[in-house]
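Below is one structure; the comments refer to it alone.
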Amino acid sequence: MPRTLKRHKGGFETEAALARLQQLTREQSERFGPYADQARQLAAERLYQARGWTAPRLETAAHRVEDTVAPRVADLLNTAATRVEPPKPKRGMRLGRRGRRGVPRSLVFAGAAVAGAAALYGVVRLRQAAQDARWQENLDQARDQVRETRDQLAAKARNAKEKVTGTGAELKGDAKEAKDTASSGAKQAASDLNGRVTQ
């Protein structure tokens, strides 16, 4: 077979395979199109819900950082600014500088690093304070349970002591009564015996 005929035959097969693939692709896109739309809508809803859940928590965290960390950072930055500022020249004497009175980059980077470290420290302290509060609450509950158990045991011990004391007093009274009965019985028996002996 000549080469040109082989090329044409191979080209027809390729074009037929390509047409079959395109047809299959159209069918699958028509089949899965609604599912893709549903997935897109569901993803948009979930994203909206997640943003709604996250926004109040971020706002609360921002207020906490603003109330606790920001004043400290501001004080640190003010202190650093007063330390770094060059002394003001006396009147009549001027430094050789002209116009450019910018802040050195290293100072800006140091300030940003201090602010970041302070914010991180604040977040860590907030988490630790929350954990300490939970631990303290659990410890208070455990102390209350121990106190209640101790009180219950003390009440049971008092009740047992009262029962034992009461039983001891009853036994003492019964013994005295038995002794009196035995004593009067012995006297009666002795007098009966004396009466029989004399008769």
Problem set entry | Pair list, Cβ < 7 Å and 6+ apart or interchain, from the stretch 56-78 residues that are in contact (Cβ under 8 Å) with a residue 24 or more places away in the chain to residues that are exposed (fewer than 10 other Cβ atoms within 10 Å of the Cβ) | none
For this session: Might you check whether a residue that is surrounded by 10 or more Cβ atoms within 10 Å (Cβ to Cβ), of a type in the set (S, T, Y), assigned to a helix (DSSP H, G or I) and modelled with pLDDT under 75 occurs anywhere in the stretch 169-187?
Result: no
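The values are calculated or read from the model by the stated rules, or taken from the named source; none is laboratory data. The shown structure was predicted, so the numbers you read here are calculated from the model rather than taken from an experiment. Glycine also receives a Cβ, built like all others from the backbone with ideal geometry; neighbour counts cover every protein chain displayed.
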